[in-house]
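Colleague: Have a look at the structure that comes next, please.
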Amino acid sequence: MFKKKNGYDYFASFHEFSAYAIEAADYLSVILNDFDVDKLEEQLSEMNSIETRSDIHHHAVNAQLLSEFLPVISAEDILKLNDLLDDIVDAIEDVLFGIYTFNVMNIRSQAVLFSDIIVKLAQALHEAMGEFKNYKKSDSIQKKLDVVKQLEKDADLLYLSELRRLHVDEENTRKLVMWTRIYDLFEDCADSFEEVIKHMEVIILKNT
């Protein structure tokens, strides 16, 4: 799996890991755009299967690292980046768990907007991760990382504006608490992408 001439291809494994984020983000978007509370338990099970496959990949990379003599970048950086990529898929699943736990009956348009940004973040991260292996000579890696940063800022702005609007307009206390928490989960999800980008930049700085 991901074998190169000189050993295991961690960059390929990172790229594949980011594909799980796309799969989870796309599925969340499908659920919210055609929301049906009666299908939610089945959809949670399907989302969990994506997260489980992501976990298997996460553990496989960590296991490989235990047998590696001289990985292409430091073992500490590989472990951290691998963990951060796993956090993204977990965070996407947490959004759906939140919707299920709070017994949401109808999806607000703002939640769909959040999910649209999450899909774009996943796609942008996947592109950046595809270029990551060339970080020492790439002219485009930083631009791809910056796309992710800008999308995370877009999520921040949406979060602040919608949280403000919610606290101004919503008179039902239960809905206020419920949607505040769900928006928090979306914000945490967007932040998880930023954490990956930050560590990719650390790796680039340490190795160039």
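Colleague: Regarding ASN6, is this residue surrounded by fewer than 20 Cβ atoms within 10 Å (Cβ to Cβ), at pLDDT below 95 and among the polar types (S, T, N, Q)?
Modeller: Criteria met by ASN6.
Colleague: Is there any pair linking a residue in the range 14-41 that is free of Cβ contacts under 8 Å to residues at least 60 places away in the same chain and under 28 Å from VAL61 (Cβ atoms) to one that is in a helix (DSSP H, G or I) and among the aliphatic types (A, V, I, L, M), with Cβ under 7 Å and at least six apart or on different chains, and which?
Modeller: Final answer for the pair search is GLU23/ILE50; TYR27/MET47; TYR27/ILE50.
Colleague: Answer yes if at least one residue in the range 24-40 is buried (at least 18 other Cβ atoms within 10 Å of the Cβ) and in contact with a strand residue (DSSP E or B) (Cβ under 9 Å, 6 or more places away or on another chain), and no otherwise.
Modeller: Within the range 24-40, not a single residue is buried (at least 18 other Cβ atoms within 10 Å of the Cβ) and in contact with a strand residue (DSSP E or B) (Cβ under 9 Å, 6 or more places away or on another chain).
Colleague: Considering only residues that are farther than 20 Å from ILE99 by Cβ and either of a type in the set (Lys, Arg) or at pLDDT below 95 (or both), which ones fall in the range 18-56?
Modeller: Correct list: ARG53 only.
Colleague: Quickly run through the range 56-87 and pick out the residues that are polar (S, T, N, Q) and in a helix (DSSP H, G or I).
Modeller: Answer for the range 56-87, where residues must be polar (S, T, N, Q) and in a helix (DSSP H, G or I): ASN62, GLN64, ASN82.
Colleague: Of all residues being assigned to a helix (DSSP H, G or I) and of a type in the set (Phe, Trp, Tyr) in the range 95-148, which is farthest from PHE11 (Cα to Cα)? Just the residue, please.
Modeller: TYR100
Colleague: Could you tell me whether LYS206 is among the basic types (Lys, Arg), in a helix (DSSP H, G or I), in contact (Cβ under 8 Å) with a residue 12 or more places away in the chain and crowded, with 17+ Cβ neighbours inside 10 Å?
Modeller: No, not satisfied.
Colleague: Can you tell me which condition TYR135 does not meet? The list is (1) surrounded by 17 or more Cβ atoms within 10 Å (Cβ to Cβ); (2) within 30 Å of ARG108 (Cβ to Cβ); (3) of a type in the set (Ser, Thr, Tyr), and all the others hold.
Modeller: Evaluating TYR135 over (1) surrounded by 17 or more Cβ atoms within 10 Å (Cβ to Cβ); (2) within 30 Å of ARG108 (Cβ to Cβ); (3) of a type in the set (Ser, Thr, Tyr) leaves (2) as the failure.
The values are calculated or read from the model by the stated rules, or taken from the named source; none is laboratory data. Remember, predicted model here, so these are calculated numbers, not experimental data. Methodologically, a virtual Cβ is constructed for each residue, glycine included, from the backbone with ideal geometry; neighbour enumeration extends over all protein chains shown.
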